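A short worksheet on the structure shown next.
Derivation of every value follows stated rules applied to the coordinates shown; laboratory data play no part. Note that the coordinates shown come from a computational prediction; the quantities given were computed from them, not determined experimentally. Neighbour counts are summed over all protein chains in view; Cβ atoms, including those assigned to glycine, are modelled from backbone coordinates with ideal geometry.
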Amino acid sequence: MACERIPVLCENCRYFKPYDNEDRTGECRRNAPQPVTASDTEEKYAVWPEVHESLWCGEFEASGKVRSSANT
Ligand code: SF4
């Protein structure tokens, strides 16, 4: 029985939320958004880290939907 290996990439991770654009980027929703302060206005807000779909980290968990078969 063949066993398909899921490429360890953000795009195949359950925590990846892709943006609706062509940059192949999205948000990592592994943790709560982190507070940041705008350098120009000093406005405070919170953001999730932006990641490219070809990146990965040690917290990867397969989403069950394989978007890529390339392991870059
Ligand atoms: S940075 Fe890690 S946890 Fe976040 S989407 Fe990528 S592989 Fe998943």
May I ask you to evaluate 6.51 cos²θ - 1.76 cosθ + 1.60, the Karplus curve with θ = phi - 60°, for each residue of the range 22-33 and list the ³J(HN,Hα) values in order in whole Hz, giving x for glycine and proline?
9, 7, 6, 10, x, 9, 8, 9, 5, 10, 4, x
May I ask for the net charge around PHE16, where only other residues with Cβ less than 15 Å from the Cβ of PHE16 are counted and Lys, Arg are +1 while Asp, Glu are -1?
-1
Sites removed, the longest contiguous part of the chain containing no DSSP-loop trypsin sites (Lys or Arg not before Pro) with at most 11 other Cβ within 10 Å is 6-64
Go through the range 1-31 and name the GluC sites (Glu not before Pro) that are in a DSSP coil and have 16 or fewer other Cβ atoms within 10 Å of their Cβ.
GLU4, GLU22
Compute the length gained on full extension between ARG67 and LEU55: take 0.36 nm times their separation in residues and subtract their Cα-Cα distance, giving the result in nm to one decimal.
3.0 nm
Inverse of mean 1/r across different Cα pairs in the range 1-62, Kirkwood, Å:
13.1 Å
Amide H proximity to TRP56 below 5 Å, modelled H, separation 5+ or other chain, gives CYS10
Could you run the Karplus curve 6.51 cos²θ - 1.76 cosθ + 1.60 with θ = phi - 60° over the range 8-20 and give me ³J(HN,Hα) per residue in whole Hz, x for Gly and Pro?
7, 9, 3, 4, 9, 9, 5, 8, 8, 10, x, 6, 8
Given a cut-off of under 8 Å on Cα pairs at least six residues apart, what relative contact order in percent is computed for the chain?
42 percent
